[in-house]
1. Taking amide hydrogens as modeled 1.01 Å from N in the peptide plane, which residues meet the under 5 Å criterion relative to ILE16, leaving out close sequence neighbours?
2. Which of the peptides 163-173, 17-27, 113-123 is most tightly packed, and how do the rest follow, going by the mean number of other Cβ atoms within 10 Å of each residue?
3. Sorted by average packing, counted as other Cβ atoms within 10 angstrom per residue and highest first, what order do 63-71, 75-83 take?
4. Near TYR129, within a Cβ-to-Cβ distance under 15 Å, what is the net charge of the other residues, with Lys and Arg +1 and Asp and Glu -1?
5. What full-extension length gain, to one decimal in nm, is calculated for VAL162 and ARG59 as 0.36 nm per residue of separation minus the Cα-Cα distance?
Amino acid sequence: IQYPAVKEGDPDANFIGAGICGLENYPWIRRLYELGGQKYFDGVALHPYTTHGFQEVYRAQLDAVWQILRDYDDEAAGIWLTESAWHRGWGFRPYAKDRFGGWQESGAKHITDLILNSEAMGVPRDRIYVFYTADHGYNEFYLMGADFAENWPFSAAVSLQVLNECLRDARFVRE
């Protein structure tokens, strides 16, 4: 286990653990805590994808992870969204589809929803890491095309920029 070595080298380093993909897999985190695994990491990493609708299910599943932290008196560890992407096409229908059949402009709505809902649920913006900055050929969860000379920012990139400019120094207080 690397945790003791990392902390010995830098006691202030954040060693993030769990790293599950899909919020619906939160029972795995509960089992990790049941086995005492939390003594080997400083925070819980999530890849907050969900196979269900975004708003209500996302918030319920994120709250289930917070409940695990509350149950084990480990809220201070907090949650890190280390692979954040945005789903598209859930009830938001603009004009053009991407090459995978999703609605590209819905990426703008969903990345904004992801960040605002995460902050409302106690995950600070500095712990939300956008996944796929550039096209990798797998899906449309990215901000720019692969060829920056010929591609402009996609709607999600513009939405993220506007969100950050408007809320640059703001901190979420309550709903």
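1. Residues meeting the criterion, in which the H sits 1.01 Å from N, are ASP42.
2. Put in order of decreasing packing, that is 113-123, 17-27, 163-173.
3. Peptide ranking by packing, descending: 75-83, 63-71.
4. -1
5. Answer, rounded to one decimal: 34.8 nm.
Quick note: the coordinates plus some simple rules give every number you see, no bench work behind them. As the structure is a computational prediction, the values presented were derived from the model and not from experiment. Note: ideal-geometry Cβ built from the backbone for every residue, glycine included; neighbour counts use all protein chains shown.
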